[in-house]
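K.L.:
First the structure, then my questions, so here it is.
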Amino acid sequence: MDETFHLTMRALEWLTTVFVFLLGLGLLAVVVMFVIDISQTKHAIRRNYPVIGRFRYLFERLGEFFRQYFFALDREEMPFNRAQRQWVYRASKGVDETVAFGSTLKISTPGTPIFVNCPYPMLESEMQPERPLRIGPWARRPYDAPSFFNVSAMSYGSLSKPAVQALSRGSKIAGNWLNTGEGGLAEWHLEGGCDVVFQIGTAKYGVRDEAGRLSDDRLRAIAAHEQVRAIELKLSQGAKPGKGGILPGGKVTPEIAGIRGIPAGNDSISPNRHPEINSATDLLDMIAHLRDTTGLPVGFKAVIGAWGWLDELFELVVERGTESAPDFITVDSGDGGTGAAPMSLIDNVGLPVKESLPLVVDKLCYYGLRERVRVIASGKLINPVDAAVALCLGADFINSARGFMFALGCIQALQCNKNTCPTGITTHNKRLQRGLVPADKAERVARYSLSMRKEISTIAHSCGVPEPSRLQRYHCRIVQDDGRSVPLDELFPIVRPAYSPG
């Protein structure tokens, strides 16, 4: 008994000593921070409120998480609210996507889309399977794209290796294409066996020579891969129109630097436009050169702001002939996403896709080019309703980036530019990448893609058409400021052709 008592007392003495030591260490740290704060001149809050002022930064950081999980309502949060994200999570996991009791969406809110169901919806026996749609009929290797919903441009560098591997494998399962983004072609894009759209950004990563100019030899090497099915020339991107891509130096690993043809560890900053493209003539000449060199369909991606240049471009196509037209145009939204961009561009530059998409489609119709040029809509189209609206407005295909990121497990931590992504999707930290298992996430990618196509088809069947490509503007109405809805074909009347290209 006495021995137990003595052991207990010794343990208490030891714990007391440790506590006093830690307390003393803590007090010393407080004193040191106090001295540092009161003597520094860069931060007014810390200078006026030593030590305590430091909590401001902690609370500021924690605020993002508290708003995400506790304070924001299901349909309040930006850039994607909880309801949007949860649908993607459920779809990608293959769990029940249905909801009970009633909608939490306030349908009287201006801008809300309402699809007009018909009295006699399509029976199962009347529904038609998705049909491949040809891109680039004048190319030596036209592309019959099997899926209208695909993975939008996200570069290897912006994304991690396991993320790209999962996207490649999942895209093969679902039968959709994977856009490489402007960072060049990595073996991980090809690993899963899916169709690949190779994007050429303003820095020509992956197809540049030592001087940074376009290399035809490297172009032909890219096109030699059977999986590479089309070339997308990036003019501008939704989250940063007028500025080139930005990849912080901390994410430029030796492997990524080798693919891009730049020094490792340095910021990868692309020019804000292609130096050799400064007019409609230049653009059509570049498209023709890329198509002739690779034999692949070639189109361009752009955010629409000013639109007079589209008239110049399409007038020149009419003059040169239908074969000179771009094989597709990817219309990116002014509210698109990115790994890193200035806030001013993210917030206030470029038209949203719901305005720019019908503008582009109508101009193609006016110049008699609508059947020749495929239209791809991109930018915040992660749920079936938004994608279906884009199809009603005239899109042939839908591209999604952040939707597939959510399918990979993204929690919207907003750390894409810091190499600290907690889910391993946008970081090259091996410890953090460990949480992303490509084999598992590939299944989620495939389920999300297939679920989107299924749900959009369900909307189409409710409207009385056999498959999504038959959706028209009169199938969707948009709620106005007075609470009434107006059909899309009244907001954006159909334009009749005024030209007959040769």
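K.L.:
Report, ordered by the first and then the second residue, all pairs with beta carbons closer than 6 Å, sequence separation of six or more or different chains, a first member in the range 443-455 that is not assigned by TED's automatic domain parsing to the domain that holds Gly193, and a second member that is in a helix (DSSP H, G or I).
P.N.:
none
K.L.:
Okay, next question. Give the range 291-308 a look and list any residue that's of a type in the set (Gly, Ala, Ser) and on the phi < 0 side of the Ramachandran plot, or say none. Spell out the reasoning first.
P.N.:
Keep residues of the range 291-308 that are of a type in the set (Gly, Ala, Ser), which gives 295, 299, 302, 305-306, 308.
Correct list: Gly299, Ala302, Gly305, Ala306, Gly308.
Residue-wise test of (1) assigned to a helix (DSSP H, G or I); (2) of a type outside the set (Val, Ile, Thr); (3) in contact with a helix residue (DSSP H, G or I) (Cβ under 7 Å, 6 or more places away or on another chain); (4) crowded, with 16+ Cβ neighbours inside 10 Å.
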{"site": "Gly435", "(1), (2), (3), (4)": "no, yes, no, no"}
{"site": "Lys441", "(1), (2), (3), (4)": "yes, yes, yes, yes"}
{"site": "Met452", "(1), (2), (3), (4)": "yes, yes, yes, yes"}
{"site": "Ile456", "(1), (2), (3), (4)": "yes, no, yes, yes"}
{"site": "His461", "(1), (2), (3), (4)": "yes, yes, no, yes"}
{"site": "Tyr474", "(1), (2), (3), (4)": "yes, yes, yes, no"}
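K.L.:
Look through Pro110, Pro129, Pro119, Pro146 and report the one residue that is closer than 18 Å to Ser469 by Cα, at pLDDT below 95 and surrounded by fewer than 19 Cβ atoms within 10 Å (Cβ to Cβ).
P.N.:
Pro129
K.L.:
Considering every residue within the range 294-311, establish whether at least one is out of contact with any Leu (no Cβ under 7 Å at 6 or more places or on another chain), more than 30 Å from Trp138 (Cβ to Cβ) and hydrophobic (A, V, I, L, M, F, W, C).
P.N.:
Taking every residue of the range 294-311 in turn, none turns out to be out of contact with any Leu (no Cβ under 7 Å at 6 or more places or on another chain), more than 30 Å from Trp138 (Cβ to Cβ) and hydrophobic (A, V, I, L, M, F, W, C).
K.L.:
In the range 183-202, is there at least one residue being farther than 20 Å from Ile382 by Cβ, without any contact (Cβ under 8 Å) to a residue 24 or more places away in the chain and assigned by TED's automatic domain parsing to the domain that holds Asp327?
P.N.:
Checking the range 183-202: at least one residue is farther than 20 Å from Ile382 by Cβ, without any contact (Cβ under 8 Å) to a residue 24 or more places away in the chain and assigned by TED's automatic domain parsing to the domain that holds Asp327.
K.L.:
Can you spot a residue in the range 404-412 that is assigned by TED's automatic domain parsing to the domain that holds His189, of a type in the set (Val, Ile, Thr) and farther than 21 Å from Glu124 by Cβ?
P.N.:
Yes - at least one qualifying residue is present in the range 404-412.
The values are calculated or read from the model by the stated rules, or taken from the named source; none is laboratory data. Note that this is a predicted model, so its numbers are computed, not measured. FYI the Cβ positions are ideal-geometry reconstructions off the backbone, even for glycines, and counts take in every protein chain you see.
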